[in-house]
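The structure appears below as structure tokens.
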Amino acid sequence: KRGNIYLSGAGPSAWHEEYPVAKGKRQSPVDINTNKTKFDPKLAADPLTIRFSDSCCQSIVNTGISFQVTSNGAGCELSGGPLDSTYQFAQFHAHWGAYLKTTGSEHTVDGVSYPAELHLVHWNTKYDDFKDAVDKPDGLAVIAVFFKRGKEHPGFGKIQDLFSKIPAKGAKVNIDFEFNPGLLMPPDSENYWTYLGSLTTPPLYESVTWIVMKEPLEVSVEQIAILRTLLWETPNGVSQMYNNFRPPVPLRDRVIRASFG
Ligand SMILES: NS(=O)(=O)c1ccc(C(=O)NCc2ccccc2F)cc1
Ligand SMILES: [Zn+2]
């Protein structure tokens, strides 16, 4: 169906036709070549401060290209590290691959994909609101957490239990239990890479300071499979949602900094 940005036309490789910025200087995602990242002691000197609260997640919606847990941001703020101001949490969603495939994440590390990638989206509070911030060069900060197959993650499972309630694009339910997005941070969230990039879906605004956690979060193989039980529209009708990721694009004239040596 026309509406599916990954499956209509030639998919991500055709986005530049409608969104010329797709071939811009600070697009995302990128491959993180660990031989070319640069340790920046300033990132360690001013540690990233990630604050989440138990009461910040209001609802979960099927956006037609992922699930999205939306927050009013109360008590959920990000500052320090590469950031020059305070960013407020707005939502988290994910991107993933297909059954029995190793692809799925958007960022890759030394050319290697993870099966899925979580994005925790924050907006710069120097702007009035998310919509005002979304297209400014310093408007957004997104924490990316890779998922890897391992032990079950009961916390994420509580969110996945809601997937059956949002079967179609636009479907939305309230989250009536406490869920602290901090549960989705990897055990060690001091080690990260950071670079200036963009939204990874149209309109691809070059407004994101990316903070990519080095350590992946373990979830079970079943939980990776449950991501694909969400549904989306395709040219052949409604089907399981998968491969909702943009592959890496050229780094161009950027250096990815590391918070660790
Ligand atoms: N995958 S990601 O890089 O983390 C990403 C984060 C947020 C958006 C978004 O808010 N799009 C809707 C949107 C776009 C433009 C203006 C307002 C919007 F709500 C898109 C991609
Ligand atoms: Zn995303």
Open item on the list: Give me the percent of accessible area attributable to carbon and sulfur for segment 176-233, probe 1.4 angstrom.
Closed with: 53 percent
Task: Long pairs among 42/148; 23/131; 36/214; 169/214; 42/126; 23/136, criterion Cα-Cα beyond 20 Å - done: 42/148; 23/131; 169/214; 42/126
Open item on the list: Please list, in order, the residues from segment 169-190 whose amide nitrogen is less than 17 Å from a point placed 7 Å along the Cα→Cβ vector of residue 151.
Closed with: 183-189
Open item on the list: Just to confirm, what accessible area per residue do you get for segment 11-117 at 1.4 Å probe, in whole Å²?
Closed with: 44 Å²
TODO: State, as an integer percentage, the relative contact order of the chain based on alpha-carbon contacts under 8 Å between residues 6 or more apart.
DONE: 28 percent
- [ ] Report the net charge of residues surrounding residue 62, where surrounding means a beta-carbon distance below 9 angstrom and charges are Lys +1, Arg +1, Asp -1, Glu -1.
- [x] +2
Task: Charge context of residue 163, other residues only, Cβ under 14 angstrom, K/R +1, D/E -1 - done: +3
TODO: Find how many whole Å separate the alpha carbon centroid of segment 135-156 from the alpha carbon centroid of segment 236-261.
DONE: 12 Å
Open item on the list: Using amide H atoms built in the peptide plane, which far-off residues or other-chain residues are under 5 Å from residue 48 H to H?
Closed with: 81
Task: Whole-Hz ³J(HN,Hα) from phi, Karplus 6.51 cos²θ - 1.76 cosθ + 1.60, for segment 156-161, glycine and proline x - done: 5, x, 5, 6, 5, 4
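Dipole size in debye (nearest 20) for segment 123-259 around its Cα centre, Lys and Arg Cβ +1, Asp and Glu Cβ -1?
380 debye
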TODO: Check cross-link reach from residue 25 to the aspartates and glutamates: straight Cα distance under 19 Å, and skip same-chain residues fewer than eight apart.
DONE: 17, 106, 135, 138, 206, 253
Open item on the list: Rounded, prolate or oblate, given the Cα gyration tensor of the chain, with a/c below 1.5 counting as rounded?
Closed with: rounded
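The values are calculated or read from the model by the stated rules, or taken from the named source; none is laboratory data. On a predicted model such as this, the values are computed, not experimentally measured, just so you know. Cβ coordinates were reconstructed from backbone atoms using ideal geometry, including for glycine residues, and neighbour counts include every protein chain displayed. Surface areas here come from the heavy atoms of the whole protein model, side chains and all, with no ligands, DNA or RNA. Shrake-Rupley method; radii C 1.70, N 1.55, O 1.52, S 1.80 Å.
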